[in-house]
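As structure tokens, the structure follows; a few thoughts come after it.
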Amino acid sequence: MTRAVVLKRESSIPKTGLDRYADAVDRCLEAGGVEREEVEFNISMERGLLPLVVGGFIRPLASILRNRSRDVTVHATDELCGIFFPLVRGRKVVTVHHVMKKGEYRGRLYYLAWSFATRVAVWSSDVVLTVSQDAMEDVKRHFNIDADKIAFMTHPPDPQYRVVEGVKKEKVIGCMGSLIARKNMSAALTAFSRLAGLPGMDGYELHICGDGPEKEALEKAAKRLGISGKVRFIASLSEEDMVLFYNRASLIFNTSLHEGLGLVTPEAHRCGTPTLHLRGSRLPEHVVRASVACDDEDDMADRAYALLTDPAEYGVVAAAALEHAESVGDRFAKALLDLYAGRGLGPGR
């Protein structure tokens with residue numbers, strides 16, 4: 001089997017979906033006995049411009065130039081890490097997680113950088129991977145990619161996401177994700193404000209795990225809704241703490257408008273916690289199949305209330321979600337190893 005060079009972002013705390021994908025690739029290659037080298041990109045402005053230039057460009061480029069063998073598969077685990085693909089001689093694979101829209105997340109400059117780097121990576125690559133069928137169709141349309149060059153391989157959650165014995169459910173409704181417009185956390189606040197006013201819901205809190213540019217606006221929204229005393233923002237959780245968070249939460253509100261994959265749902269399900277999502281959002285059907293679909297924020301509150309006040313129904317929904325979560329990404333390892341070995345582009349759902 002060919003050697004692999006895995007291009008990945010420097011891991012952050014809490015881990016993002018990009019970090020989790022890179023971890024899944026690493027677990028797969030380790031289990032498959034693939035000889036590999038990792039090249040990390042520090043793509044962050046938090047430490048200043050000089051560390052960004054050194055860690056995001058100079059060091060990764062130097063490492064890539066040392067690996068200009070043709071007998072190697074170079075896998076960029078997200079779009080920005082494929083910026084140097086024109087200089088790569090081996091087989092080039094890039095994973096595109098979703099198509100970014102103008103104004104999303106970090107503003108125009110980041111969008112322009114993403115657009116440029118992704119086009120370079122896609123056009124220079126031999127294979128384009130996406131994390132779901134929905135994402136594949138978006139990427140194919142946006143970049144006009146031939147069908148024989150692109151495939152989707154859904155990766156599974158980390159095995160550590162599981163039901164932890166002895167951990168009891170608490171009066172907590174959870175949300176998980178970056179505080180950006182696409183995640184639509186304001187809808188979770190609206191749904192929770194209605195839920196908190198229903199009979200028997202005294203003591204319930206909404207815990208929002210994540211950070212980002214929308215935090216101040218969300219804090220103001222919570223105050224305006226009269227629930228600021230019941231809403232807690234948690235900026236950082238370790239992986240171990242996230243597992244416990246999912247286990248302790250009674251429900252997870254997933255109000256995201258669009259996800260290439262969206263691991264929050266299967267992670268929560270593997271921890272025995274039901275999730276609720278908005279029916280009109282663009283989430284992969286296979287991922288949210290066992291999640292509770294809601295028409296709007298009021299319907300989300302009503303359906304959450306029905307689960308919280310009916311232990312039998314709660315148990316049925318949680319058990320079905322846990323069973324389905326075990327199938328998410330169950331073909332990823334074989335499909336990825338086949339790709340690295342040059343045996344084609346089979347689906348890896």
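7 Å from Cα along Cα→Cβ at both S12 and S69: what's the point-to-point distance in nm?
Using points 7 Å along Cα→Cβ, the separation is 3.4 nm.
For the chain, what is the mean residue ellipticity at 222 nm derived from helices alone (per DSSP H run of n ≥ 4: -39500 (n - 2.57); sum divided by total residues; nearest 500 deg cm²/dmol)?
Computed mean residue ellipticity for the chain: -11500 deg cm²/dmol.
Mind listing which trypsin sites (Lys or Arg not before Pro) in segment 90-195 are in a DSSP loop and have 14 or fewer other Cβ atoms within 10 Å?
Sites meeting the loop and neighbour criteria: K101, K102, K168, K171.
Taking the DSSP beta bridges in segment 172-325 as the whole, what percent of them are antiparallel, to the nearest 5?
If we restrict to bridges inside segment 172-325, about 0 percent are antiparallel.
Taking every alpha carbon pair in segment 172-325, what does the distance histogram look like in 10 angstrom bins from 0, in percent?
12, 45, 37, 6
If amide H atoms are built 1.01 Å from N in the plane of the peptide, which residues on other chains or at least 5 residues away come under 5 Å of the amide H of E37?
A4, V5, V6
In whole Hz and in residue order, list the ³J(HN,Hα) couplings for segment 325-342 that follow from phi through the Karplus curve 6.51 cos²θ - 1.76 cosθ + 1.60, θ = phi - 60°; x for Gly and Pro.
Each residue of segment 325-342 in turn: 4, 5, 8, 6, x, 6, 9, 4, 4, 5, 5, 5, 5, 4, 4, 4, 8, x Hz.
Quick check: net charge around R248, other residues with Cβ under 9 Å of its Cβ, Lys/Arg +1 and Asp/Glu -1?
With Lys, Arg at +1 and Asp, Glu at -1, the neighbours total +1.
What's the local net charge at R36, with K and R +1, D and E -1, over the other residues with C-beta under 9 Å away?
That works out to -4.
Which semi-axes, in whole Å and largest first, does the equivalent ellipsoid of segment 70-170 have when worked out from the alpha carbon gyration tensor as the square roots of 5 times its eigenvalues?
They are 29, 19, 14 Å, listed largest first.
How high is the relative contact order of segment 172-325, in percent, with contacts defined as C-alpha pairs under 8 Å that are six or more residues apart?
25 percent
Give a residue-ordered list of calculated ³J(HN,Hα) values for segment 84-99 (Karplus: 6.51 cos²θ - 1.76 cosθ + 1.60, θ = phi - 60°; whole Hz; x for Gly, Pro).
9, 4, x, 9, 8, 9, x, 6, 10, 10, 10, 9, 9, 7, 6, 8
If you take every residue apart from R20 with its C-beta less than 9 Å away from the C-beta of R20, what net charge results, scoring Lys and Arg +1 and Asp and Glu -1?
Residues near R20 contribute -3 overall.
Could you list the residues of segment 185-211 with an amide nitrogen less than 19 Å from a label point located 7 Å from the Cα of A235 in the Cα-to-C-beta direction?
207-211
Over the alpha-carbon set of the chain, divide Rg by the Kirkwood Rh and report the Rg/Rh ratio to two decimals.
Radius of gyration relative to Kirkwood radius: 0.98.
Bear in mind these aren't lab numbers, they're just calculated from the coordinates by the rules spelled out. No experiment lies behind these values; they were computed from the predicted model shown. All Cβ positions, even for glycine, are placed from backbone atoms using ideal geometry, and neighbour counts span all protein chains on display.
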